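A.B. asks: First, the structure itself, so that you have it in front of you.
The values are calculated or read from the model by the stated rules, or taken from the named source; none is laboratory data. Model, not experiment: these values are computed from the prediction. Cβ coordinates were reconstructed from backbone atoms using ideal geometry, including for glycine residues, and neighbour counts include every protein chain displayed. Side chains included, ligands, DNA and RNA excluded: accessible areas come from the protein's heavy atoms. Shrake-Rupley method; radii C 1.70, N 1.55, O 1.52, S 1.80 Å.
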Amino acid sequence: MTSPLTTSAPEGRWTPRLWGTLLVLCAAMFLDALDVSMVGVALPSIGSDLGLSTSALQWVVSGYILGYGGLLLLGGRTADLLGRRQVFLVALGVFALASLLGGLVDSGPLLIASRFIKGLSAAFTAPAGLSIITTTFPEGPLRNRALSIYTTCAATGFSMGLVLSGLLTEASWRLTMLLPAPIALIALVAGLKLLPRSSRERDHNGYDIPGAVIGTASMLLLVFTVVQAPEVGWASARTLLSFLAVAVLLTVFVVIERRSPGPLVRLGVLRSGTQIRAQLGAMTFFGSYVGFQFLVTLYMQSLLGWSALHTALAFLPAGALVALSSTSVGSIVDRFGTQRLLAVGFALMVVGYALFLGVDLDPVYAAAILPSMLLIGAACALVFPSLNIQATNGVDDHEQGMVSGLLNTSVQVGGAIFLAVVTAVVTAGAPADPTPQAVLDSYRPGLVVVAAIAVAGLLIALTGLRTKRAQPSVVAARSVVKVSGVEESGVEGTEAERVPVRD
């Protein structure tokens with residue numbers, strides 16, 4: 001593969017072409033986050049216009065999650081095998097067409113289908129885009145800076161989506177569906193010119209078709225089961241049998257991957273404690289935030305009577321803080337290392353969620369809500385880039401797509417599972433007499449669960465700090481990698497080898 005870095009300016013400076021490459025990739029990540037946040041506010045208008053019931057309406061959201069979370073593993077490995085540039089551009093084109101379709105349809109099933117296709121395409125653009133960054137920017141300060149900007153675009157897109165949806169829905173919900181289409185087309189045209197060409201992986205020992213089928217089926221069924229569980233019941237026969245089927249499929253998947261000469265997911269990657277902490281951290285980070293946003297949106301709109309735009313503006317300081325920090329997070333990672341930033345970030349999240357437990361029915365925004373938003377924004381600015389850097393450091397180029405797919409799968413599955421858990425807790429405590437105070441009291445156990453999830457993330461991060469104190473020298477994890485059918489023993493370096501950390 002050729003990289004723009006080969007024609008870069010003096011060390012530490014980026015050429016215009018390199019900036020253009022990063023902006024194209026950031027645009028795709030921005031669109032993913034924008035699309036997720038915009039649709040929520042538009043749901044009531046969609047239901048009224050298309051005559052959708054509440055249960056059918058949820059699939060406008062769940063259809064995207066199902067396609068995205070279910071195919072990320074396949075998307076990541078496909079990028080490695082077929083070429084990251086090719087996979088990214090094709091998937092981005094599909095995303096643009098699905099956005100156009102979603103804004104023009106006149107039936108619920110077609111809208112849900114377009115959302116599933118968008119989620120499916122995002123399952124290929126997200127890991128392909130992340131792996132293009134990690135193979136274009138060398139590990140260290142340059143990559144850390146690029147990843148901090150890249151992940152900031154996700155938070156910025158999510159925040160802007162909340163505000164834009166409030167404005168666009170006033171005119172028509174169709175505008176919220178159509179808006180991503182022209183942005184995606186512009187990014188596609190720019191990507192054809194700017195993205196570095198990548199070759200297909202030659203020595204991949206064949207295609208793991210059984211693993212791809214079973215892995216994709218297990219992820220699709222897992223996300224589907226979690227999304228449906230609050231509606232059909234967590235203890236229902238359908239839910240329990242679905243979880244049992246997921247366990248069976250995952251067991252079969254592991255067996256296939258252990259025996260395959262060219263696995264979809266090389267399980268040896270997960271022998272690294274650093275990698276496991278990154279994956280678990282991603283689950284708890286996004287799961288806690290999605291649960292928090294869900295409850296706070298209900299609180300502001302249902303109990304306080306705020307408009308969708310007012311609610312979006314209330315969340316905006318958190319997103320603004322992330323956006324403003326984009327240029328400095330990379331240098332902070334260079335100085336302190338990802339593990340310390342993760343610990344600090346999760347601690348800020350815990351404090352932010354705990355503070356919100358004290359809200360009442362007549363809050364003063366600056367005193368009761370804004371502190372939590374700022375703390376959570378600071379936490380997101382530290383945690384999200386650090387997770388991406390930690391997950392991709394020390395991984396060979398030919399496996400960057402696979403690891404990116406794993407990380408994004410952890411994010412989506414964590415969000416789906418923990419949101420379902422929070423929803424179940426709140427639903428179980430729903431009051432018989434739904435007075436405003438009783439409803440607010442029923443939300444508090446859900447907020448406690450959100451804080452507990454963040455505490456779990458903090459404990460996971462702290463285990464990494466203890467490991468480093470116990471083993472201050474370079475840590476190496478041995479792995480066995482098959483190259484052209486021959487087993488070679490190698491050493492996978494951990495983050496401690498590459499990121500200066502002050503213990």
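A.B. asks: Looking at the chain, identify the longest residue range that excludes and avoids all trypsin sites (Lys or Arg not before Pro) in DSSP loops having at most 14 other Cβ atoms within 10 Å. Write out the running numbers ahead of the final one.
C.D. replies: Working: sites that count: 13, 197, 200, 202, 502.
Excluding the exposed sites themselves, the longest stretch runs over 203-501.
A.B. asks: Could I ask something else about it? Using a probe of 1.4 angstrom, how much of the accessible area of the chain is carbon and sulfur, in percent? Write out the running numbers ahead of the final one.
C.D. replies: On the way: 13580 of 20080 Å².
Percent of accessible area from carbon and sulfur atoms in the chain: 68.
A.B. asks: Next question, about the same structure. Return one whole number: the accessible area per residue of the chain in Å², for a 1.4 Å probe.
C.D. replies: Working: 20080 Å² over 503 residues.
I get 40 Å² per residue for the chain.
A.B. asks: Take the alpha carbon gyration tensor of segment 104-260, find the square roots of its eigenvalues, order them as a ≥ b ≥ c, and report rounded if a/c is under 1.5; if not, report prolate when a/b exceeds b/c, else oblate. Mind dumping the intermediate values first?
C.D. replies: Details: a/c = 1.96, a/b = 1.08, b/c = 1.82.
It is oblate, given that a/c is not under 1.5 and a/b is not larger than b/c.
A.B. asks: Here's a follow-up. Return, in residue-number order, each cysteine of the chain whose C-beta is not under 4.7 Å from any other cysteine's C-beta.
C.D. replies: Cys with no partner Cβ under 4.7 Å: 380.
A.B. asks: Also: Once you have a ≥ b ≥ c as the square roots of the Cα gyration tensor eigenvalues for segment 80-137, tell me rounded if a/c is under 1.5, and otherwise prolate or oblate according to whether a/b is larger than b/c. Write out the running numbers ahead of the final one.
C.D. replies: Working: a/c = 3.43, a/b = 3.15, b/c = 1.09.
Since a/c reaches 1.5 and a/b is larger than b/c, the shape of segment 80-137 is classed as prolate.
A.B. asks: Right, next: Please work out the Cα convex hull volume for segment 366-408 and give it in Å³ per residue. Don't skip to the answer; put the middle values down first.
C.D. replies: Values: hull volume 2.4 nm³, N = 43.
Cα convex hull per residue, to the nearest whole number: 56 Å³.
A.B. asks: May I ask you to list the residues of segment 121-140 whose amide nitrogen lies under 17 Å from a point 7 Å from Cα along the Cα→beta-carbon direction of residue 190?
C.D. replies: 126, 129-130, 132-133
A.B. asks: What shape does segment 60-170 take by its C-alpha gyration tensor, where a ≥ b ≥ c are the square roots of the eigenvalues and a/c under 1.5 counts as rounded, a/b above b/c as prolate, and the rest as oblate? Don't skip to the answer; put the middle values down first.
C.D. replies: Numbers: a/c = 2.61, a/b = 1.46, b/c = 1.79.
Note, shape of segment 60-170 comes out oblate.
A.B. asks: Within the P(r) computed for segment 244-352, what percentage of the Cα pairs occupies the region above 17 Å?
C.D. replies: Details: 4254 of 5886 pairs.
Value for segment 244-352 (Cα pairs over 17 Å): 72 percent.
A.B. asks: Also: Which residues among segment 211-234 fall inside the zone where the amide N is under 18 Å from a point 7 Å beyond the Cα of residue 248, along Cα→Cβ?
C.D. replies: In segment 211-234, the label zone of residue 248 (backbone N under 18 Å from the point 7 Å along Cα→Cβ) covers 211, 213-226.
A.B. asks: If r is the Cβ-Cβ distance from residue 255 to residue 234 and R0 is 25 Å, what FRET efficiency results, to the nearest 0.05? List each step's numbers first, then the result.
C.D. replies: Working: r = 28 Å, r/R0 = 1.13.
Computed FRET efficiency for residue 255 and residue 234 comes out at 0.30.
A.B. asks: Okay, moving on. Say each of residue 303 and residue 459 gets a label point 7 Å from the Cα, pointing the same way as Cα to Cβ; how far apart are those two points in nm?
C.D. replies: About 2.7 nm separates the two model spin labels.
A.B. asks: In addition: Using 0.36 nm per residue of separation minus the Cα-Cα distance, give me the extension gain between residue 110 and residue 320 in nm, one decimal. Intermediate values should be presented prior to the final figure.
C.D. replies: Details: separation 210, 0.36 × 210 = 75.60 nm, distance 3.49 nm.
Stretched fully, the residue 110-residue 320 segment lengthens by 72.1 nm.
A.B. asks: Also: How long are the semi-axes of the equivalent ellipsoid of the chain, defined as square roots of 5 times the Cα gyration tensor eigenvalues? Whole Å, largest first. Write down the numbers at each step before the final one.
C.D. replies: Working: eigenvalues 234, 134, 117 Å².
Three semi-axes, in Å: 34, 26, 24.
A.B. asks: Next question, about the same structure. May I ask you to derive the relative contact order of the chain, considering only C-alpha pairs under 8 Å and at least 6 residues apart, and to give it as an integer percent?
C.D. replies: On the way: 845 pairs, mean separation 110.9, N = 503.
About 22 percent, as a whole number.
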